[in-house]
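Undergrad: Please find one structure pasted underneath; my questions will follow.
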Amino acid sequence: YRAMARRVLGVCVALILALGTADAGVNPPYCNKTVGIPVPSFEPNHEIGVYYLEAPLFKSKFGDLGLLVELFHVGVGLVDHTDGKEYVVEYIAEDGVIEAIFPTIENGTSKLDWEHDRGGWCVLDVIDKVYWDKGITLLGTINGTVATDLGTWMTQDNSTFWQYQLWEVRQGRHGKVLIDASTCIEATWRAFTRLNEMGLQYNSSQVVRANTISILASSITKEDITDPVILQKAVKFYTDATEFKHEKPLKVIEQLLMMFLLDVKFVYVKGDYYSFKGEFPYFRVAYERHPLPGQGDATVVSAEDQGHSWEYFLGDTALRVF
């Protein structure tokens, strides 16, 4: 049972670590800071369809494994119904997720280098139907002026949400969010909000779902990283966290989970360091309904559409494994 639990949990957490990475299939190419096209502009009188895009996480690497465990990358599709041109607009970790969430530590030093933590919008000029096979859902239509405005807004959004943050930190299972995540999901909903502000009205009965990844904490404390004692604790935490790059996969998962069971853990947010104390079951991973702007939480949906959480499974398995 112990070995089986490790394998199942290993698949889940390995996929969790990759959440939000733009992995745009073989054709079109992977969308990163060197691949993609400039933000497009549209003819003002053209009708543009707005689509919610979902793809199994890391589809080009793992096939439909993300579909089986319900972990997905998401984005926005824009289709010009007048001339047929189409675009994918997606938020990515520019240098990769692992590079974004862990610093580089120079050997023999206490320097934590976060030069690879940037996230941002990327645009591709084709919607790969094979890649986005979980869902290409029409949410509504806008005119070309609004679509062009979205491109301008994306540039502004990049200047505000420039750090990729894989997970949120939440006060217990049902408490408030203490530190926000910034992945493809949060960015996509910011784009949907912008479009709503510009006049796009979403159908009140439309149900869309997305993943949520939470680290559960009883409390967080902003730390003074100039304090040598705090700095050494942070260096040890991130040193232990990055050692898994050279380990076998199952050992990686065990080490990661043990890392978050330690007494002192850190989250880095735009130059600030926060320590936190974990609270059982330590993680919450869900694929659940995310209300569209203007819908509100009061929309009545079925239990199936509402989605589900893995928090109890993860917590129970973690206890049994460790």
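The values are calculated or read from the model by the stated rules, or taken from the named source; none is laboratory data. Computed from a predicted model, the values in this text were never measured in an experiment. Neighbour counts run over all protein chains shown; Cβ positions are idealised from the backbone, glycine included. These area figures cover heavy atoms from the full protein model, side chains too; ligands, DNA and RNA do not enter into them. Shrake-Rupley method; radii C 1.70, N 1.55, O 1.52, S 1.80 Å.
Undergrad: What residues have an amide H closer than 5 Å to that of TRP132, excluding those fewer than 5 places away on the same chain, when H is modeled at 1.01 Å from N in the peptide plane?
TA: none
Undergrad: In addition: Spelling out what I want: for every residue of segment 77-83, take phi, set θ = phi - 60°, compute 6.51 cos²θ - 1.76 cosθ + 1.60 (Karplus), and round to whole Hz; glycine and proline get x.
TA: x, 10, 10, 7, 6, 8, 10
Undergrad: Follow-up question, since we're still on this one. What does the net charge come to around ASP80 if you take all other residues with beta carbon closer than 12 Å to its beta carbon, with K and R at +1 and D and E at -1?
TA: -4
Undergrad: With a 1.4 Å probe and all protein chains left in place, how much of the accessible area of segment 117-249 comes from carbon and sulfur atoms, in whole percent?
TA: C and S atoms contribute 51 percent here.
Undergrad: List the GluC sites (Glu not before Pro) in segment 34-140 that DSSP assigns to loop (not H, G, I, E or B) and whose Cβ has at most 11 other Cβ atoms within 10 Å. Which are they?
TA: GLU106, GLU115
Undergrad: Run the quick spin-label model on THR152 and THR82: label points 7 Å from Cα toward the beta carbon, then report their separation in nm to one decimal.
TA: In this crude label model, THR152 to THR82 measures out at 1.7 nm.
Undergrad: Below 10 angstrom from the Cβ of GLU168, what's the summed charge of the other residues (Lys, Arg +1; Asp, Glu -1)?
TA: Neighbourhood net charge equals 0.
Undergrad: Across segment 132-149, in residue order, what do the Karplus-derived ³J(HN,Hα) couplings come to in whole Hz, using 6.51 cos²θ - 1.76 cosθ + 1.60 with θ = phi - 60° and x for Gly and Pro?
TA: In residue order, the calculated couplings are 8, 8, 5, x, 10, 9, 6, 9, x, 10, 9, 8, x, 5, 5, 5, 5, 4 Hz.
Undergrad: For segment 121-181, state which trypsin sites (Lys or Arg not before Pro) are in a DSSP loop and have at most 14 other beta carbons lying within 10 Å of their beta carbon.
TA: LYS129, LYS176
Undergrad: Under 5 Å between amide hydrogens, which residues at least 5 positions from GLY294 or on another chain qualify, with H placed 1.01 Å from N in the peptide plane?
TA: Long-range HN contacts for GLY294: none found.
Undergrad: Could you give the nm distance between label points at VAL130 and GLN201, where each point is 7 Å from its Cα heading toward the beta carbon?
TA: Result: 4.1 nm between the two label points.
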